[in-house]
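Student: Before I ask anything, here is the structure I am working with.
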Amino acid sequence: MLHIAEYGAQVVSHIAMAADRLSLGVLMDPAEVARAARAHHCDADSGRWWLCGNIHPRMFAAAQTLPLRHLGKVIMTDQGTKYLVLAQQVGAWQHRVLLQVAGRQVLDFLAVSAQAGFDLSLGLAGGDESLLVQDCRFVQSLVGEIDACGDATAKNMSPHKLRVEACLLASSLLSPAEVTVEELPVPQRVCVTIVASRELVSAVMKQDTHSR
């Protein structure tokens, strides 16, 4: 039976995706970045990981003329799953990357990026353009917070439960006041990108196929 909170999260997710407020992002390791750069004849290959998400067209337009401010937080759910939230704010807009800390790919990304930095690719929702923020290093202090949370129980959760949990949390992150700092005004409009490890995505797709 579908829990009412899960159903509500699904409804909110569908509405948000249709309005370019919610999207699915990806992690790319340096080898994947290099292959993609060659395929698109792009010279942006830095040898770092890429964290990719999409932002609302109005935020994308604002980011062309105004600087992005970066902030973030670590969330640990009642089930013990850790999430890293990386937010970018410009004007009245804020984009939030919700990175689920589960799976080897995400752990490898965090281990490397805490010291070497990473590149943040913010795509135009519904378009082909992107804004690349290079050599991001603001994740380092947050990784320390993740380590301080202790061992997570995410490894004991099924791919389906991890997916549901991420959707529930992403829906809550659409609320403007969820990620703020004193030196910045509370954003008026928010868009969210969910990023999960490749292993989890593959497991969810396999599980969905078997359940049909």
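Rule-based calculations on the coordinates, nothing more; no lab input. This structure is a prediction, so every number in the text was calculated from the model and none was measured. Here Cβ is always computed from backbone atoms with ideal geometry, including for glycine, and neighbour counts include all displayed protein chains.
Student: Give a residue-ordered list of calculated ³J(HN,Hα) values for the stretch 78-93 (Karplus: 6.51 cos²θ - 1.76 cosθ + 1.60, θ = phi - 60°; whole Hz; x for Gly, Pro).
Tutor: With the stated coefficients, the stretch 78-93 comes to 5, 7, x, 6, 9, 9, 9, 10, 10, 10, 10, 10, 8, x, 8, 9 Hz.
Student: So, in nm, how far is label GLN134 from label ALA111 when the simple model puts each one 7 Å beyond its Cα toward the Cβ?
Tutor: For the pair GLN134/ALA111, the computed spacing is 2.7 nm.
Student: When a/c reaches 1.5 or more, the comparison of a/b and b/c decides; with that in mind, is the stretch 32-113 rounded, prolate or oblate per its Cα gyration tensor? The partial results should precede the final answer.
Tutor: Details: a/c = 2.48, a/b = 1.08, b/c = 2.29.
Here the stretch 32-113 falls in the oblate category.
Student: Starting from the Cα gyration tensor of the stretch 36-194, take the square roots of the eigenvalues, sort them a ≥ b ≥ c, and report rounded, prolate or oblate (rounded when a/c is under 1.5, otherwise prolate if a/b is larger than b/c, else oblate). Before the final figure, lay out the partial values.
Tutor: Numbers: a/c = 1.60, a/b = 1.22, b/c = 1.30.
It is oblate, given that a/c is not under 1.5 and a/b is not larger than b/c.
Student: To continue, here is another question. Apply the Karplus parameterisation 6.51 cos²θ - 1.76 cosθ + 1.60, with θ equal to phi minus 60°, to every residue of the stretch 46-62 and state each ³J(HN,Hα) to the nearest whole Hz, in sequence, with x for glycine and proline.
Tutor: Ordered by residue, 3J(HN,Hα) equals 10, x, 9, 5, 10, 10, 10, x, 10, 10, 4, x, 5, 5, 4, 5, 5 Hz.
Student: Name the residues whose placed amide hydrogens come within less than 5 Å of the amide hydrogen of GLY72, ignoring near sequence neighbours (fewer than 5 apart) on the same chain.
Tutor: HN-HN under 5 Å from GLY72: ALA87.
Student: With a Förster radius of 41 Å, plug the Cβ-Cβ distance of SER158 and LYS73 into 1/(1 + (r/R0)^6) and report the FRET value to the nearest 0.05. Don't skip to the end; give the middle numbers.
Tutor: Numbers: r = 26 Å, r/R0 = 0.64.
The formula returns an efficiency of 0.95 here.
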